[in-house]
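The values are calculated or read from the model by the stated rules, or taken from the named source; none is laboratory data. Treat the numbers as computed from the prediction; the structure is a model and nothing was measured. Positions of Cβ are generated from backbone atoms using ideal geometry, with glycine treated the same way; all protein chains shown enter the neighbour counts. SASA here: full protein model, heavy atoms, side chains in, ligands and nucleic acids out. Shrake-Rupley method; radii C 1.70, N 1.55, O 1.52, S 1.80 Å.
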Amino acid sequence: RTAFRALLATSRALGSLAMPRHAVMLALLAAACACCCVSTAAAQPTLTFSFAGEGSYSIAINGKLWYSSAPTMICGDKLSFAGSRNVSGSDVLGPWTGTELSFAAASTAPAWLPDNALSSSASSKVVMTATFHTYPARSHVGTVTVGFPAGLAPSACSPQATTSLDFPNFDTTTTFASGLGALTWNGRACSDTVVAKGASNLGASGLDWGPTVSFSNGADSTPRLSLVTSTLTSHKIVVSHTTKSSYGMGPTTEINSIPAGWNYSSLLSASDGGPTAGMYAWGDVIREYYGTKRQPSITLSDIGYYTDDGAYYYVWEAFNIPARPASAEQLLVSVKDELWRSGVPVAYLQLDDWWYYGRFFFGNVKSVTNWTASSSPRLFPNGLENFSDKLNLSLQLYTPFFADDFQTKWNMTESHTFKGTKIVTPADSYNFHADLFDLGLKETKGRFATYEIDFLDVNFAGSKPMFETVHSADQWYKGQHQAALERSIAIQYCLASPTDMLESLLLPAVVQVEGEGGVPQQTKSKQTSCVGKAATWSESDRHRSTAESNQQAGDLKDDCELLKPPWSVALSLNSHTRRRRYTHTH
């Protein structure tokens, strides 16, 4: 009503002026947009937690119950409720009030507790706490922090278990919960969008699943609402887990030991509208929590030329590829000169998995044996320094994985996903990448501006040291990032998982993610109106979302965003400038 009255007053005021009719209409439209924007920004649904006996909990949006809790268990053993208390405090998101639940082991000495973890005092018998926070200034936001006062030994869980425990853990069998639409993301750069009716039908269990969106269909004139649930901390080791009757998240059983005092947090964000609106609202909150601000990068501000898979100037010396007219060091300079003459001012050049010394590991992908330019007559017979001087552009350099005979003084371990390759240990990540980046800068006379790491999802999963402690994965990613940041080198993740993108919230040097099919998200073709500013995906991308699953999720005709996850805007990854990739096809 306030907005309508403002428009009416504006109309009367404009009508009293000697203005052309079209000018009056444009002024009214502008006023209407302003009113709508103010109204939309001010309106937020209210998310609340409620608690009953025996440690049960529930979540409601605008007073409507969405989810109740499923049983709280560790390694399949149901925990005993040990009490609750009201708490309050303040964090990055502002002042909060909340409730802390405490749980004890039902048995005297469960196998999943470290030896001598519990003393004789009553307070020390608590094995898990869960603190629910709501924020008066952010009615749509809630967080849950789970702590382990005595530590945990997940190695005692069943070998088939995905998580050592699930918390929060929601019952998905109630009439309302089972009727909610649900979607999540998995795969390389979120290439798989999984959508179902009921969160338990997502099959989202294990490493590298993204946030989960639950949404109502707005039937019977009820508002359409969405709820995004995600990790807030420990993104790489706290994983999704669905059963036939529940959806939750918890520490992966890949971690053998959880130290006393460790905790992790999850984020719940409610929003008016469907999944895209929900993801944008969630993204605003989680970026603010981390203070995410990506560093400047030439790959975001200027046009570049890529020589990756599918380009004419790619893999010059194998697979019966017809000989190019001259060497790479000659022709790529000619390409740059011709593009400039044609009015295409490319500012950087990407060198893909063909430029360095290595052997073809699978297909046309070289594993790195020596990260210097190959002196093959068809590649860089005069070296990369000479080529860099002639090209005089910034360079983006690439690695997929390192061959077993790659020489370094830093500790690396064999990958159990890519046999015959190895990956640096978390403890040596910073030093290894510092040396690698210094080599790239030397090879290019300082023109090395962006580093592209490929097959990130499989490289991570294949490294056992990533799971040695609850901090190992973070140490590996932060080490690589810090080495790049100190040298003003931007990072592009390639074939990354949803959890890699979440991890990048901590890492301002990570500025973009390259998706399935080898094209950065922001460069995909066939943008649709429902995607707007978000990640743009081509119709050829693999999506597990099928016509059948769309039908199961309800009437989604207006939700083409389900197939095109809005990650770029939500996480501010490569969302500043649309780039174009120029490649020769003949």
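Just a few scattered comments:
- Selection within region 379-410 - in a loop (DSSP other than H, G, I, E, B) and crowded, with 17+ Cβ neighbours inside 10 Å: Leu379, Phe380, Leu393, Pro400, Phe401, Phe406
- Within region 405-422, residues that are farther than 16 Å from Asn459 by Cα have Cβ atoms under 9 Å from residues that are assigned to a loop (DSSP other than H, G, I, E, B) in these pairs: Trp410/Thr425, counting only partners at least 6 apart in sequence or on another chain.
- Put simply, of Ser525, Ser488 the only residue that is open to solvent by 10 Å² or more (accessible area, probe 1.4 Å), assigned to a loop (DSSP other than H, G, I, E, B) and modelled with pLDDT of 95 or more is Ser488.
- Single residue of Ser257, Ser327, Ser266, Ser301 found to be touching a residue at least 24 places away in the same chain (Cβ under 8 Å) and closer than 30 Å to Ala182 by Cβ: Ser266
- Residue that is nearest to the chain's Cα centre (by Cα) [pool: residues in region 299-312 that are modelled with pLDDT under 85 and open to solvent by 40 Å² or more (accessible area, probe 1.4 Å)]: Asp309
- Residues of region 353-365 that turn out to be in a loop (DSSP other than H, G, I, E, B) and open to solvent by less than 10 Å² (accessible area, probe 1.4 Å), as a count: 3
- Breaking point among (1) modelled with pLDDT under 95; (2) not in a loop (DSSP other than H, G, I, E, B), for Gly250: (1)
- If the condition is being assigned to a strand (DSSP E or B) and hydroxyl-bearing (Ser, Thr, Tyr), then region 413-444 contributes Thr413, Thr421.
- Test for Ser246: is it in contact with a helix residue (DSSP H, G or I) (Cβ under 9 Å, 6 or more places away or on another chain) and among the hydroxyl-bearing types (Ser, Thr, Tyr): yes
- Exclusive hit being without any contact (Cβ under 8 Å) to a residue 40 or more places away in the chain, farther than 30 Å from Thr163 by Cα and open to solvent by less than 20 Å² (accessible area, probe 1.4 Å), set Val335, Val315, Val368, Val346: Val368
- Options Thr469, Thr499, Thr413, Thr417: the member that is under 30 Å from Trp262 (Cα atoms), open to solvent by 20 Å² or more (accessible area, probe 1.4 Å), modelled with pLDDT under 95 and out of contact with any Leu (no Cβ under 6 Å at 6 or more places or on another chain): Thr417
- Selection of region 262-298 for residues being among the hydrophobic types (A, V, I, L, M, F, W, C) and open to solvent by 30 Å² or more (accessible area, probe 1.4 Å) yields Ala277, Ile298.
- Here is the figure for region 445-470: residues that are small (Gly, Ala, Ser) and assigned to a strand (DSSP E or B) total 1.
- Pairs, first on the phi > 0 side of the Ramachandran plot in region 445-457, second open to solvent by 10 Å² or more (accessible area, probe 1.4 Å), C-beta under 7 Å, six or more apart: Lys445/Glu385; Lys445/Asp389; Phe455/Leu495
- The criterion of at least 1 residues that are at pLDDT 95 or above and open to solvent by 60 Å² or more (accessible area, probe 1.4 Å) is met by the following strands (runs of 3 or more DSSP E) wholly inside region 31-111: 47-51, 64-69, 80-91, 94-104.
- Each residue in region 53-66 was checked for being under 22 Å from Gly147 (Cα atoms) and touching a residue at least 40 places away in the same chain (Cβ under 8 Å), and 3 of them qualify.
- Of all residues making up region 52-68, the number that are at positive phi and in contact with a strand residue (DSSP E or B) (Cβ under 7 Å, 6 or more places away or on another chain): 2
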